[in-house]
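Just so you know, all these numbers are worked out from the coordinates, no wet-lab data involved. On a predicted model such as this, the values are computed, not experimentally measured, just so you know. FYI the Cβ positions are ideal-geometry reconstructions off the backbone, even for glycines, and counts take in every protein chain you see.
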Amino acid sequence: MGKTVLVTGASGFIGSRLADALVGAGYDVRAMTRHPERYAGPGSAVRGDVADRASLDAALRGVEVAYYLVHSLGSADFEARDAAGARTFAAAAGDAGLERVIYLGGLGADDEQLSAHLRSRREVERILQAGPVPVTALRAAVVVGHGSISWEITRQLVDHLPALVTPQWVRTRTQPIALPDLINYLVGVLEPAEARGQTYEVGGPEVLRYLDMLQRAAQVRGRPLPNLSVPLLTPRLSSAWLALVTDVDLATARNLVDSMTTEAIVREHSIRELLPGEPIGYDEAVRLALADRDRASAS
């Protein structure tokens with residue numbers, strides 16, 4: 001049996017896929033969740049809450065590496081919650097004697113005016129790095145995969161609307177990554193000694209505008225998607241529009257739209273030296289996400 005690895009947020013979109021991949025790679029996986037009695041995924045369920053230090057001490061006992069995938073995007077005070085949770089976790093990880101913490105954050109240059117969402121992800125990264133345990137940080141933009149909130153917004157807009165009425169932010173550039181590639185990177189940085197204490201930017205092979213992502217997804221679906229740009233559609237109005245035409249709640253939509261005004265592209269490529277291989281293109285990532293959705297609907 002390999003190392004004992006804790007996955008926080010194991011019942012979430014990324015955490016559930018990561019736990020499955022780690023089990024398949026031979027690791028002893030502890031799936032941390034606030035409701036272990038409801039957990040039916042891979043690994044051994046353990047109770048843990050980043051707001052409860054005692055629960056973290058129990059969950060981390062005997063763990064060698066932990067993945068930190070916690071965020072509170074749907075909460076009004078998510079910045080304060082996420083910072084407090086990161087401080088508690090960093091201290092608990094140090095006392096437990098972990099070898100490494102692996103954190104998934106967001107892309108976006110530090111010299112740009114980051115949105116509240118991306119600013120919070122970067123602050124959590126800094127808090128974890130200031131703790132006593134070495135941190136390996138990965139930064140990603142939109143993850144294309146079934147269950148991703150950002151991808152679900154794209155899919156539902158394509159599926160529900162005969163034409164797009166879009167604000168100016170759809171012309172912001174981003175670098176989406178296919179879910180299988182992100183999981184491969186997360187698993188791949190666990191063992192290499194040279195990854196300790198490093199920060200990696202990860203993305204797919206294409207830099208796209210959000211408008212490109214919508215229209216390319218429509219092409220994969222086999223339907224045209226005309227677009228009418230409405231520059232006066234503000235981020236606040238945009239979030240209300242998204243909440244109306246998709247099933248994303250208003251608070252989450254507002255935080256995501258704020259982030260969509262910030263360019264999120266890969267500027268350093270050292271992950272490709274550590275873990276070589278050609279990442280999946282956007283159209284194929286869309287096909288994989290749609291196939292996963294079909295399988296989930298059939299089961």
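Report the one residue of V29, P42, L107 whose Cα lies farthest in the direction of the positive end of the charge dipole of segment 8-151 (charges on C-beta: Lys and Arg +1, Asp and Glu -1; origin at the Cα centre). It is P42. In order along segment 130-142, the Karplus-derived 3J(HN,Hα) couplings, from 6.51 cos²θ - 1.76 cosθ + 1.60 at θ = phi - 60°, round to 7, x, x, 9, x, 10, 9, 10, 10, 10, 9, 9, 5 Hz, and Gly and Pro are given as x.
Summary value for segment 63-149: 36 percent relative contact order, contacts being C-alpha pairs under 8 angstrom separated by 6+ residues. Counting beta carbons within 10 Å around each of L288, L128 and listing the fewest first gives the order L288, L128. Annotation: the residues S44, S11, sorted from fewest to most other C-beta atoms within 10 Å of their own C-beta, follow the order S44, S11. Ordered by the number of other Cβ atoms lying within 10 Å of each residue's own Cβ, fewest first, V50, V7, V144, V220 fall into the sequence V220, V50, V144, V7.
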